[in-house]
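The values are calculated or read from the model by the stated rules, or taken from the named source; none is laboratory data. None of the values given here were measured: they were computed from a predicted structure. For neighbour counting, all protein chains shown are included, and Cβ atoms are generated from backbone atoms with ideal geometry for every residue, glycine included.
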Amino acid sequence: MADILYQDVRVIAASKPAGQPVIPGRGEIGEPLLQELSRFLKARLYAVHRIDRPASGAVVFAKDPQTHRLLSGLFETRRVAKKYLVLVAGHAPEEGAIDARLRLYGSGRTAADARGKPSLTRYRTIERFIGASLVEASPESGRRHQIRAHLFSIGHPIAGDPLYGDKRSAALAPRLMLHASEILFKGLLFPPFRAPLPPDFQAVLDGMRSDAKGIAPAGRRDESGLID
């Protein structure tokens, strides 16, 4: 059962485990989170947004059509602040903004392309390990696979990503290390919906911290100006 983060008469927010689909879809395996929560509440729910099946983290559902229209409108007009915790291959820059246009191809992959749609992801590096970085990413647009494609475009694919990864990232983790950590609806009487890291994500980080004792944290440089 997914962990319930918050609920009231209008909404319910839960932390989706990695590998579970949010809604039913062609080829999806396992009970979608929408159906699981509907069965738990014995009531109909309405999907407001989605996160990738291999990802984990916060997902919000409406309990009535009026709230569904309201929250869907906020997502469409970009009045929702979202934060993700991401483990990437390599030592990512301390912070930055990726504004590469993104285009969806028939293969299901999204890629940076001048003919694509405007897209913006802001990020900051929280911690560095041997060959990897823990990054907080905040997408300001809502393109398919946006964070995955944007980080790949700057040479830092997400660890364990089967679509956008490489040999470096595949060796770092057994699953896609992308976690929706916070959702904030601006101007509404909801608290921020925050999803703690799940045990499998935390275990990978703990192992890297053990291996990386003595490495410089993000922002600290040695006398040569290079990250240790």
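Here are some notes:
- Checking ASP206 against (1) at pLDDT 90 or above; (2) more than 15 Å from the chain's Cα centre (by Cα); (3) within 16 Å of ALA81 (Cα to Cα); (4) of a type in the set (D, E, K, R), the condition it does not meet: (3)
- Close pairs (6 angstrom Cβ cut-off, 6 or more residues apart or separate chains): part of a loop (DSSP other than H, G, I, E, B) in the range 3-27, of a type in the set (D, E, K, R) anywhere: ARG10/LYS63; ALA18/ARG175; PRO21/GLU28; PRO21/ARG53; VAL22/ARG50
- Candidates THR67, THR125, filtered to the one that is polar (S, T, N, Q) and within 30 Å of ASP206 (Cβ to Cβ): THR125
- Tally, over the range 159-176, of residues that are crowded, with 24+ Cβ neighbours inside 10 Å and within 21 Å of ARG101 (Cβ to Cβ): 1
- Filtering the range 14-65 to residues that are surrounded by 14 or more Cβ atoms within 10 Å (Cβ to Cβ), of a type in the set (Lys, Arg) and farther than 16 Å from ALA2 by Cα leaves only LYS63.
- Selection of the range 89-117 for residues being among the hydrophobic types (A, V, I, L, M, F, W, C), free of Cβ contacts under 8 Å to residues at least 40 places away in the same chain and more than 22 Å from LEU134 (Cβ to Cβ) yields only ALA114.
- Pick from the range 85-139, criterion part of a strand (DSSP E or B), over 15 Å from the mean Cα position of the chain (by Cα) and of a type in the set (Lys, Arg), ranking: surrounded by the fewest Cβ atoms within 10 Å (Cβ to Cβ): LYS117
- For the range 177-197, the candidate set comprises residues that are surrounded by fewer than 20 Cβ atoms within 10 Å (Cβ to Cβ) and among the hydrophobic types (A, V, I, L, M, F, W, C); within that set, the residue that is farthest from VAL48 (Cα to Cα) is LEU197.
- Residue within the range 29-48 that is under 30 Å from LEU134 (Cβ atoms) and of a type in the set (Phe, Trp, Tyr) present: no
- Condition broken by HIS156, with the remaining ones in (1) part of a loop (DSSP other than H, G, I, E, B); (2) surrounded by fewer than 23 Cβ atoms within 10 Å (Cβ to Cβ) satisfied: (2)
- Single residue of ARG69, ARG50 found to be in a loop (DSSP other than H, G, I, E, B) and out of contact with any Gly (no Cβ under 9 Å at 6 or more places or on another chain): ARG50
- Contact map, the range 189-209: first residue over 18 Å from TYR6 (Cβ atoms), second residue surrounded by 15 or more Cβ atoms within 10 Å (Cβ to Cβ) and among the basic types (Lys, Arg), Cβ cut-off under 9 Å, separation 6 or more or different chains; pairs are ASP200/ARG175; PHE201/ARG175; VAL204/ARG175.
- When PHE185 is tested against the conditions (1) more than 15 Å from the chain's Cα centre (by Cα); (2) closer than 15 Å to LYS83 by Cβ; (3) modelled with pLDDT of 95 or more, the lone failure is (3).
- Selection of the range 144-182 for residues being at pLDDT below 95 and among the charged types (D, E, K, R) yields ARG144, ASP166, LYS167, ARG168.
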